[in-house]
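Below is one structure, written out as structure tokens, with a few remarks after it.
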């Protein structure tokens, strides 16, 4: 069991990088309970959290990216490495968690948060230009990718409210070995691992398509 260390929301604001434009990645902790609902397919709404603004609806938000979670333990390691304090929301995460190893969590694992909210891990976060601009660290995308501690995107199976200190209970763990760390490496730096992702049916359709294509190209690896 883990817990929610913080619930974080972002408001639309113009980024200093003109190529990014308007973004809601800079999220801040909120004190009260927040409604978490299924936001609909990508391009039709924001994240799953009421009041959280998602501006690039082509690449972010939607059912498979309704909630983004990152562990406070990983934030602490990054704080030490970068020499700055990275508080809740620093990575654009909606949920800052405590007591869970997200990198080792399998895709398809389900969490009950508080009394009602039910979430399912859908896949890893892949860094982008917006993330790099928010952190303002030279070579950030490369550095984040090399570390391969991506955090978790989650879809909403049952809506509910979430607030800081809510317990996170793991209520289902799938019977496969596709962790968020492995899925991230397969998508980014170790694409020979892609066929292994076929067993993780909770992955978004786009990633499943990449896995099928890779398995067709190299059928001997699809085991």
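Each value in this text was obtained by applying a stated rule to the coordinates, not by laboratory testing. All values derive from a computational prediction rather than experimental measurement. When we count neighbours, we look across all protein chains shown, and the Cβ atoms used for this are built from the backbone with ideal geometry, even at glycine.
Could you tell me the relative contact order of the stretch 162-223? Use alpha-carbon pairs under 8 Å, at least six residues apart, and round to a whole percent. Mind dumping the intermediate values first?
Details: 42 pairs, mean separation 16.7, N = 62.
Dividing the mean separation by the residue count of the stretch 162-223 yields 27 percent.
As a ratio to 2.2 N^0.38 Å, the alpha-carbon radius of gyration computed for the chain takes the value 0.97. Secondary-structure-derived ellipticity at 222 nm for the chain, considering helices only, amounts to -6000 deg cm²/dmol, per-run term -39500 (n - 2.57) for DSSP H runs with n ≥ 4.
Counted over the chain, the DSSP beta bridges are approximately 90% antiparallel.
Just the C-alpha atoms of the stretch 120-223: what Rg/Rh do they give, with Rh taken as the Kirkwood radius?
Taking Rg over the Kirkwood Rh, I get 1.02.
Computed on the stretch 96-223, with alpha-carbon pairs under 8 angstrom and 6+ residues apart, the relative contact order is 31 percent. Taking 7 Å steps out from each Cα toward its Cβ at residue 58 and residue 79 produces label points 3.6 nm apart. Highest mobility in the GNM of the chain, judged by mean-square fluctuation with C-alpha springs under 10 Å and restricted to 133, 122, 79, is found for 79. If you take the alpha carbon atoms of the stretch 101-169 and fit the smallest convex hull around them, that volume is 111 Å³ per residue. Comparing 192, 136, 56 in a Gaussian network model of the chain (Cα springs below 10 Å), the most mobile by mean-square fluctuation is 136.
Residue exposure proxy: 31, 98, ordered by other Cβ atoms within 10 angstrom of their Cβ from fewest to most, comes out as 31, 98.
Our summary gives the chain a relative contact order of 23 percent, counting only alpha carbon pairs under 8 angstrom and 6 or more residues apart.
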